[in-house]
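Since the structure comes first, as structure tokens, the remarks are kept for the end.
The values are calculated or read from the model by the stated rules, or taken from the named source; none is laboratory data. Quick caveat, the model's predicted, so the values are computed rather than measured. All Cβ positions, glycine included, derive from the backbone under ideal geometry; neighbour counts span all protein chains shown. Heavy atoms of the whole protein, side chains included, go into the accessibility calculation; ligands, DNA and RNA do not. Shrake-Rupley method; radii C 1.70, N 1.55, O 1.52, S 1.80 Å.
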Amino acid sequence: MSDGFVLPRTGSLKHPIRVAVMISGGGSGLAALLRYQATARTHQTVLVLADKADVGGLQHGIDVGVPSLGIPLPTEVEAKERRVAHERLVHAALEEHDIELVVLSGYMRILTPWFVSRWKGRLVNIHPSLLPDFPGAHAHRDVLAAGVDVTGCTVHLVDEGVDTGPILAQRRVDVHEGDDESALQERVKHVEHALYPETLDRLCSGQISL
Ligand code: GRF
């Protein structure tokens, strides 16, 4: 069905898939995943990466003893080379930690085809809308502006587009009258915190095929 996707091997409780979680913010999704993985699962977070040194969510990884690093854009590199240079640093950290699956959880940078091609099938994202509706960085704002009654969240494999890769799971969330962006975001996050770990269970135990 989809070209070029190589899924992770089938993990087991004894030999779980080694996961890196990439974040840019508060990391409530990371915290939920770490809580879920406190019980043995077929996936285990062994690295947390952020795109800046001072990202608050890194603390969730530090609290449970998982190596948690901010890798900022290398400002010493010329501006037009900076994006790929940054991704090379990220890729090197992933390789150094023998990562098998990269879980984007509120990571706010768009990855280049160079990076995606190296991780295609082993790179997942959660997006706070029912894709293909409302892609992009302002899903909740766009949902409210459109006046729809139902939104939700989507877990998908990442391809070279923005929020376009094969969908692995979706869950609906009602929009309430009087919702503002922050109320809607909180209600959607609550559902994301269950959907993402459950979907990783399916992906890491060989229950997903393309
Ligand atoms: C989540 O809603 C996720 O869908 C979106 O960014 C948010 C991250 O929140 N991509 P947090 O940093 O995990 O609290």
How big is the convex hull of the Cα atoms of region 105-154, per residue, in Å³? 82 Å³
Work out, step by step, the length gained on full extension between residue 63 and residue 146: first 0.36 nm times the residue separation, then minus their alpha carbon distance; give nm to one decimal. 25.9 nm
Roughly what % of Cα-Cα distances in region 1-51 sit above 18 Å, to the whole percent? 42 percent
With the radius of gyration and the Kirkwood radius both derived from the Cα set of region 67-180, what is their ratio Rg to Rh? 1.04
Solvent-accessible surface ranking, highest first, for 52, 14, 189, 80 at 1.4 angstrom: 14, 80, 52, 189
Along the Cα→Cβ direction, 7 angstrom out, place labels at residue 110 and residue 53. What is the inter-label distance in nm? 2.9 nm
Euclidean distance between Cα centres, region 103-117 to region 1-66, Å: 14 Å
Summarise the long-distance tail of P(r) for region 115-210 by giving the % of C-alpha pairs beyond 15 Å. 59 percent
Geometric extent, Cα atoms of the chain - Rg, Dmax (angstrom): 16.7, 49
Roll a 1.4 angstrom probe over the protein heavy atoms and tell me the percent of accessible area of the chain that is carbon or sulfur. 51 percent
Pick from 30, 144, 123: which residue has the top mean-square fluctuation in a GNM of the chain where Cα pairs under 10 Å get a spring? 144
Cβ-based net charge around residue 149, under 14 Å, with every Lys or Arg adding one and every Asp or Glu removing one: -2
Between residue 80 and residue 198, what is 0.36 nm times their sequence separation minus the Cα-Cα distance? Round to one decimal in nm. 38.6 nm
In nm, spacing of pseudo-spin labels at residue 182 and residue 7 (7 Å Cα→C-beta vector): 4.1 nm
